[in-house]
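What follows is one structure encoded as structure tokens, with my remarks underneath.
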Amino acid sequence: MDSIIVQGNGPVSGEIPISGAKNAALTLMPAALLTDKPVTFTNVPRLSDIKTTNELLASLGTKISMIDDGQKITLTTPEITNHLAHYDIVRKMRASILVLGPIVARHGIAAVSLPGGCAIGARPVDIHLKGLEVLGVDLDLRDGYIHAKAPNGLKGATYELPFASVGATENLLMAATLAKGTTVLKNVAREPEIIDLADLLRLMGANIIGDGSSVIKIEGVETLHGATHQVVTDRIELGTYMMAPLIAGGQVELLGGKRRILESFCQKLEEAGAEITETERGLLVARNNADIRAVSVTTEPYPGFPTDLQAQMMALLCTAEGKSVLNETIFENRFMHAPELIRMGANIEVHGGTATVTGVNELRGAPVMATDLRASVSLILAGLAAKGETRVARVYHLDRGYEKVVSKFRAIGANIERIKE
Ligand code: EPZ
């Protein structure tokens, strides 16, 4: 397993291009199952989760052609030749559940392995399943698989989600495009990735309004056709790299970054002392010698503070002046980066879903362990500011969500390398 070694190296400066969004691509690609025509994606991030999605789609009958080393992918599914999404693939990537809605809507029968939990939580899929049942799908959970049947197709209906689940919104939105009649989904997720998915589906001929708000209305159609779609910018990668000049000092320009997809996050960073300027190339972020001030953060569904940036924010607040409180309300176990940051000298107390961070003058480099995707990168950010060497083990987590992570940090002057161990 590889490790990444970071030497604290003072202020950073330079520019970083932001890639296409992992969490958009992982729902856009299954949408290609809804048609027998080619669907082409550009600005696709080159990540291990994308490779896993290609593997899964190929196992279902999708033909895949890639150019530019996978930044452009065309998916064509003349027919679904296998309706079973195998445990061996699903266990590698929970987002595989997003093939369930498209397969059962297009093909009338699906069997998808129940995704396990993961480090950050149990990650149930009950909302996905309840919504599909409301759309007329017969479900039978056995042998660790979700067996779904809709021999007469899906029927439009109204369904209010008990929680604004991103994945459930995506699964149900895709399924409803081919249902007979009107579907109204209430209390849906409002993330930019949902809008990106709706944009693709409309390009494919779907009839959707309300995406980005709490209510989405879909008029089902008989069939969908092909399309070409550029994957939206990754707001979580953007937010992650915005942290680098704030934790280490200096100034960095994030190319392709847009404030509007991270408004609440940007407001919180400015409250802590960041300077964020929109340029024609993206976002310029600086901490010009001012100290970072303690702030309190509560993670919420979009447009609130993103849970996927909580670990990165904790790393920043470890060196802020004063006491910060972080409330994690989305996942039940998303503070595993805290013990690793404490190894670097941070002062953090965790009680349930609340972490209290008291700023310290200096972090010290130490050997630490990556536990999940966003925790991993928060340790690298801490390493930028720490005195000495930080060695982050198990960095395969990073390959799931951060394209060219070492070269992007190097581009702003970080002293960072990846070693095989
Ligand atoms: C998506 O996960 C993202 N993943 C996550 O990013 C992100 O943290 C999350 O949305 C919240 O923004 C992808 O898009 C591939 P949810 P998802 O359904 O869809 C509970 C990353 O680091 N819930 O909104 O799984 C669930 O347990 C990853 O890139 C149910 O109870 O998130 C969790 O507590 C991590 N029943 C909460 O809702 C359900 O049926 C949020 O889950 C579904 C979810």
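The values are calculated or read from the model by the stated rules, or taken from the named source; none is laboratory data. These numbers were taken from a predicted model, which means no experiment stands behind them. Every residue, glycine as well, gets a Cβ built from its backbone with ideal geometry; the counts of neighbours run over all protein chains shown. Please note that ligands, DNA and RNA were not included when accessible areas were found on the heavy atoms of the full protein model with its side chains. Shrake-Rupley method; radii C 1.70, N 1.55, O 1.52, S 1.80 Å.
So is residue 179 more than 26 Å from the chain's Cα centre (by Cα) and either closer than 12 Å to residue 105 by Cβ or open to solvent by less than 40 Å² (accessible area, probe 1.4 Å) (or both) or not? Here the answer is yes, as residue 179 does meet what is asked. Of everything listed in (1) more than 21 Å from residue 233 (Cβ to Cβ); (2) touching a residue at least 12 places away in the same chain (Cβ under 8 Å), the single unmet condition for residue 349 is (2).
Here the condition is being free of Cβ contacts under 8 Å to residues at least 40 places away in the same chain, open to solvent by less than 10 Å² (accessible area, probe 1.4 Å) and within 16 Å of the ligand (Cβ to nearest atom); of 197, 161, it holds for 161 alone. Against the condition within 13 Å of the ligand (Cβ to nearest atom), charged (D, E, K, R), under 29 Å from residue 261 (Cβ atoms) and surrounded by fewer than 23 Cβ atoms within 10 Å (Cβ to Cβ), how does residue 190 come out, does it pass? So residue 190 fits the description; yes. For residue 365, the conditions (1) crowded, with 19+ Cβ neighbours inside 10 Å; (2) under 23 Å from the mean Cα position of the chain (by Cα) are fulfilled apart from (2).
Residue-by-condition table, conditions (1) β-branched (Val, Ile, Thr); (2) under 15 Å from the mean Cα position of the chain (by Cα):
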residue: 12; (1), (2): yes, no
residue: 31; (1), (2): no, no
residue: 55; (1), (2): no, no
residue: 76; (1), (2): yes, no
residue: 90; (1), (2): yes, no
residue: 96; (1), (2): no, yes
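Is it the case, given these coordinates, that residue 279 is of a type in the set (Val, Ile, Thr) and touching a Phe, Trp or Tyr at 6+ places or on another chain (Cβ under 6 Å)? Give the steps one after another, and end with the answer.
On the way: of a type in the set (Val, Ile, Thr): yes; touching a Phe, Trp or Tyr at 6+ places or on another chain (Cβ under 6 Å): no.
Judged against the criteria, residue 279 is not a match.
With respect to (1) touching a residue at least 12 places away in the same chain (Cβ under 8 Å); (2) within 15 Å of the ligand (Cβ to nearest atom), the lone exception for residue 150 is condition (2).
Residue check: is residue 332 touching a strand residue (DSSP E or B) at 6+ places or on another chain (Cβ under 6 Å) and assigned to a loop (DSSP other than H, G, I, E, B)? Against the criterion (touching a strand residue (DSSP E or B) at 6+ places or on another chain (Cβ under 6 Å) and assigned to a loop (DSSP other than H, G, I, E, B)), residue 332 qualifies. Looking only at segment 385-421, filter to residues that are in a helix (DSSP H, G or I) and open to solvent by less than 10 Å² (accessible area, probe 1.4 Å); which one of those is nearest to residue 52 (Cα to Cα)? Filtering segment 385-421 for residues that are in a helix (DSSP H, G or I) and open to solvent by less than 10 Å² (accessible area, probe 1.4 Å), the one nearest to residue 52 (Cα to Cα) comes out as 398.
Listed by position, the strands (runs of 3 or more DSSP E) enclosed by segment 232-311 that each have at least 2 residues that are touching a strand residue (DSSP E or B) at 6+ places or on another chain (Cβ under 9 Å) and buried (at least 22 other Cβ atoms within 10 Å of the Cβ) are 250-255, 282-287. Checked against (1) farther than 30 Å from residue 353 by Cβ; (2) within 23 Å of the chain's Cα centre (by Cα); (3) surrounded by fewer than 23 Cβ atoms within 10 Å (Cβ to Cβ); (4) within 14 Å of the ligand (Cβ to nearest atom), residue 139 passes all but a single condition, namely (2).
The criterion of being away from the ligand (no atom under 16 Å from the Cβ) and either open to solvent by 10 Å² or more (accessible area, probe 1.4 Å) or in a loop (DSSP other than H, G, I, E, B) (or both) does not hold for residue 357.
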